[in-house]
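This report concerns only the one structure given below.
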Amino acid sequence: MPLRARAMTQSQRLSGRTVFLSASIPDPTRWSGSYDAREITDAVVAASRAVLTAGGTLVTAAHPTIAPLLLYVAAEFPRTEDQPVSVVTYQSSLFEDVLPEATRRFQASGIGEFRFVPAVQGEEPIPGRSSQSLLVMRQQMFDETEPAAAIFVGGMDGIRDEFELLSGRDPQPFAYPVGAPGGEAARLSPTVDSELTSLLASGEVYPSVFRAVIADLLARLE
């Protein structure tokens with residue numbers, strides 16, 4: 001099948017499906033493991049393009065190092081009547097007053113949909129004092145969007161929290177953690193058992209990695 005025709009078929013097959021993207025650049029003051037910020041950025045951009053090219057909807061939390069990248073990538077894809085929103089971003093209202101300007105532009109651009117989830121009373125928008133609000137936000141995010149798969153890149157403890165929450169869902173989304181950029185994602189194990197496992201662990205040509213991820217996901221969704 002010609003490449004263009006194959007891509008169109010994939011787009012139709014992934015249409016209506018959501019893929020959760022869990023990613024962040026670790027804070028070196030709170031993270032002692034290895035990571036490469038540039039590699040995380042490259043992987044996030046490649047993952048986003050792969051999902052959107054395949055006609056899927058991206059779901060993510062509004063991490064300040066990731067939301068601006070999604071704004072950049074989503075702007076490349078014209079909205080259609082069938083898919084007016086290609087990126088859905090969640091955040092706890094606990095962080096509404098401290099959102100960075102780049103994330104506010106995402107909210108105002110209309111490219112994606114931004115959803116605030118009520119915070120737990122008594123918590124504060126600082127590490128270690130917002131855990132319950134983040135849990136409520138993540139649970140609502142997964143309940144509302146029901147992701148078919150999840151991609152994990154870089155990150156710290158929150159990456160594992162989201163991985164474990166998704167692992168407890170029924171049906172369990174297919175998990176694709178990427179190892180080469182480092183961070184907590186490199187310590188996670190894929191829930192797919194295939195030849196893709198080694199590519200996820202060490203692959204560094206991220207457009208190729210995520211083309212393989214999309215092909216694997218499509219095959220599993222048939």
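The values are calculated or read from the model by the stated rules, or taken from the named source; none is laboratory data. Nothing here was measured: the structure is a model prediction, and the numbers come from that model. Every residue, glycine among them, receives a Cβ derived from its backbone with ideal geometry; neighbour counts consider all protein chains shown.
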* Structure fact -> Residue pairs qualifying under the 6 Å Cβ cut-off, at least six apart or on distinct chains, with the first in the range 94-109 being modelled with pLDDT of 75 or more and the second being surrounded by 18 or more Cβ atoms within 10 Å (Cβ to Cβ) and in a helix (DSSP H, G or I), are LEU94/SER133
* Pairs only if they're at least six apart or on different chains, beta carbon under 6 angstrom, first in the range 170-196 and within 15 Å of SER22 (Cβ to Cβ), second among the acidic types (Asp, Glu) and part of a loop (DSSP other than H, G, I, E, B); list them, first residue then second. => PRO181/ASP36; GLY182/ASP36
* To do: Report yes if VAL178 is in contact with a helix residue (DSSP H, G or I) (Cβ under 7 Å, 6 or more places away or on another chain) and aliphatic (A, V, I, L, M), otherwise no.
  => yes
* To do: Determine the pairs where a residue that is over 15 Å from SER22 (Cα atoms) and touching a residue at least 40 places away in the same chain (Cβ under 8 Å), located within the range 45-59, has a partner that is among the polar types (S, T, N, Q) and surrounded by fewer than 24 Cβ atoms within 10 Å (Cβ to Cβ) with Cβ atoms under 6 Å apart, the partner being 6 or more residues away or on another chain.
  => ALA54/GLN10; ALA54/SER11; GLY55/SER11; GLY55/SER15
* Of all residues in the range 115-164, which are assigned to a strand (DSSP E or B) and surrounded by fewer than 21 Cβ atoms within 10 Å (Cβ to Cβ)? -> ARG115, PHE116, VAL117
* Asked: Got a number for residues in the range 12-44 being of a type in the set (S, T, N, Q) and not in a loop (DSSP other than H, G, I, E, B)?
  -> 5
* Which listed residue is at pLDDT 95 or above, among the charged types (D, E, K, R) and closer than 20 Å to VAL87 by Cβ, from GLU144, GLU184 -> GLU144
